[in-house]
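Read through the structure below, which is laid out as structure tokens, and then see the notes.
The values are calculated or read from the model by the stated rules, or taken from the named source; none is laboratory data. Bear in mind that the values here come from a model prediction, so they are computed numbers and not experimental data. Every residue, glycine as well, gets a Cβ built from its backbone with ideal geometry; the counts of neighbours run over all protein chains shown. Calculation scope for accessible area: heavy atoms of the full protein, side chains included, ligands and nucleic acids excluded. Shrake-Rupley method; radii C 1.70, N 1.55, O 1.52, S 1.80 Å.
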Amino acid sequence: MSVERDEEYLKFVPHTMSYHVVPGAEFQCKLGNHHNSRKLSTIDEQDYDVANRRGMINQILATCAVLLLSAGCGMPIGFSAVLLPQLMDGNSTEIPIDVETGSWIASVHSLATPFGSLMSGPLADYLGRRKTLLVSVLPLFFGWSTLAMAKSIKIVIFARFLCGFATGILGGPGQVYIAETAEPNLRSLLIGAPYVAYSCGILLVYSLGSMMYWRSVAWCANILPLLAVVSIYCIPETPAWLLRNGYEKRALQALTFLRGSEISAQKEANEMKQRLSRERATTKTNENIFQLCCQRVAIKPLVIVIVFSLLQMFSGTFIVIFYAIDIVSEFGADFDTKQAAIWSAAVRVVCCMVFCAVLIFVRRRRIMVISGIGSGAFCLALSAYMYARMGEPKMSYDVLVAGCCILGYIVFNTALMVMPGIMIGELFPARIRGRTAGGVFASMNVALFIFAKVFPALQAFLKIRGVFLVFGISSFLLTIFMCLFQPETKGRSLDHIEDYFNGDNWLWFRRDRGYKTVKLQPLQPLKAQNPGADA
């Protein structure tokens with residue numbers, strides 16, 4: 001080991017302790033003054049590998065606890081596609097509805113989500129990310145239970161509102177929790193996992209709805225939130241929140257659990273404390289959240305995430321989920337529309353899983369460019385085909401062409417559905433990450449509510465061919481915007497990304513080239529070498 005690397009490693013540990021390398025010796029931690037003498041010790045590579053694997057497993061387990069709740073909150077997103085056809089069935093007179101009422105049932109979930117998102121930011125900063133996740137279970141449980149017992153349309157809408165409120169509380173803290181607990185190299189895989197869970201929840205509710213009455217589906221939907229309570233209770237709070245709120249001992253314990261090694265945890269804790277001290281030294285005590293958001297380090301990621309989210313909605317990501325059965329039935333084919341919706345949800349689940357694996361190997365910008373071009377191309381192809389066939393008698397191959405285009409759209413568009421949550425977890429600076437995430441999720445869902453509410457009227461005016469034309473154009477606009485403004489975040493620490501936004505550049509191609517060349521390497525074990533070799 002070189003002297004420079006040895007000293008670089010030592011600067012992360014307290015001055016009263018020193019760590020040294022000696023061939024064949026057990027790792028020891030000795031009290032003393034490292035300016036006077038160097039104690040001899042080593043980190044056994046096998047022990048390091050065991051600790052590293054243990055830390056990775058613990059990070060994955062902590063993420064899985066969040067994913068149970070994410071899947072539970074994904075179920076109400078897709079529930080309208082189950083509920084509306086059963087209530088509109090001519091043979092059902094229990095709670096009869098019309099098209100206008102149905103649009104309220106579908107969209108009220110998105111209307112309620114912003115209220116939960118606005119509350120989630122202050123709750124995540126005051127209670128912590130973990131406790132906020134537990135709080136979100138309460139309205140979700142009461143929403144499903146109320147929906148299962150509803151006797152009027154007003155109660156149905158109120159119950160949907162509660163479920164949407166719970167989803168809003170979960171969104172921001174869930175992404176922030178994963179971003180703040182995962183190591184940079186593992187974060188690429190884990191931070192996209194909530195959208196796999198959302199998709200699994202949608203698939204689950206579609207599957208249950210094809211076999212069961214909607215009241216039974218509502219009762220079954222309470223199982224996942226209850227399991228999530230038990231799981232989240234067993235995981236630690238994020239070290240970043242604990243350090244910012246003065247819980248240094250608990251932060252070190254949480255880091256030790258998440259990294260598998262007390263040495264790695266102590267190193268990372270010291271880095272976080274140093275950065276927090278520098279941040280507090282440059283922050284005015286009377287600055288509020290609005291002043292903080294107007295700073296350069298915050299305003300640039302805010303613009304990127306908000307514009308991306310709006311273009312993503314107009315590309316049809318969530319509209320296809322809300323109105324899956326209605327859209328499929330537009331093609332007038334003699335097939336089971338419920339089964340078609342289930343298969344579309346299954347494809348989305350598989351695509352989300354593949355996408356999370358791809359995040360490990362492929363850069364974020366490249367993924368977004370390919371996804372935007374692919375989803376836009378399939379939308380324009382479907383729209384062009386339907387315009388060409390306008391006024392012609394329906395043929396058997398119409399369904400085949402439409403099915404292939406929709407399938408291709410779902411495959412490519414899945415990445416666009418996942419990216420806003422990843423961007424929220426990665427781009428925002430630490431000092432405002434919790435509150436900003438909630439506010440951005442709120443604004444996203446206000447726009448989504450408006451779009452979902454007017455979609456039936458838009459579909460009646462433009463027809464399905466015009467709707468997919470809008471989806472395609474929006475996908476291409478999104479691709480252009482991301483090429484210009486989105487920075488590459490794969491393999492970068494959250495602190496490194498924050499430093500990028502502190503720069504003067506807005507456009508990606510005008511960035512400091514040093515940002516492109518810096519690559520994070522995982523912490524390597526200290527190899528036993530002869531101390532005299534460095535002399």
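When you check residue 228 against the structure, is it under 30 Å from residue 432 (Cβ atoms), assigned by the TED database to the domain that holds residue 78 and at pLDDT below 90, yes or no?
When the stated conditions are applied, residue 228 does not pass them.
Do you know which residues across region 314-325 are modelled with pLDDT of 85 or more and in a helix (DSSP H, G or I)?
Hit for region 314-325 is 314, nothing else.
Where residues in region 367-397 are part of a helix (DSSP H, G or I) and touching an Asp or Glu at 6+ places or on another chain (Cβ under 9 Å), which of them is surrounded by the most Cβ atoms within 10 Å (Cβ to Cβ)?
Looking at residues that are part of a helix (DSSP H, G or I) and touching an Asp or Glu at 6+ places or on another chain (Cβ under 9 Å), I get 386.
Mind listing whichever residues of region 423-438 are part of a helix (DSSP H, G or I) and open to solvent by less than 30 Å² (accessible area, probe 1.4 Å)?
423, 424, 425, 426, 427, 430, 432, 433, 434, 436, 437, 438
Which residue out of 481, 468, 476 is over 22 Å from the mean Cα position of the chain (by Cα), over 27 Å from residue 102 (Cβ atoms) and either at pLDDT 80 or above or of a type in the set (Val, Ile, Thr) (or both)?
Just a single option satisfies the conditions, and that option is 476.
Just checking, how many residues over region 52-74 are more than 16 Å from the chain's Cα centre (by Cα) and open to solvent by less than 10 Å² (accessible area, probe 1.4 Å)?
Result for region 52-74: 1.
Which one of these does residue 110 not meet: (1) open to solvent by less than 10 Å² (accessible area, probe 1.4 Å); (2) modelled with pLDDT of 80 or more?
So residue 110 meets the others, but not (2).
Considering only region 222-248, state which residues are part of a helix (DSSP H, G or I), open to solvent by 10 Å² or more (accessible area, probe 1.4 Å) and of a type outside the set (Val, Ile, Thr).
Once the filter is applied, which keeps residues that are part of a helix (DSSP H, G or I), open to solvent by 10 Å² or more (accessible area, probe 1.4 Å) and of a type outside the set (Val, Ile, Thr), region 222-248 yields 224, 226, 227, 231, 233, 240, 241, 243, 244, 248.
For residue 337, state whether it is out of contact with any Lys or Arg (no Cβ under 8 Å at 6 or more places or on another chain), outside the structural domain of residue 474 (by the TED database) and either over 30 Å from residue 483 (Cβ atoms) or at pLDDT below 85 (or both).
no
With the checklist (1) surrounded by 24 or more Cβ atoms within 10 Å (Cβ to Cβ); (2) at pLDDT below 90 in hand, flag the one item residue 160 doesn't pass.
(2)
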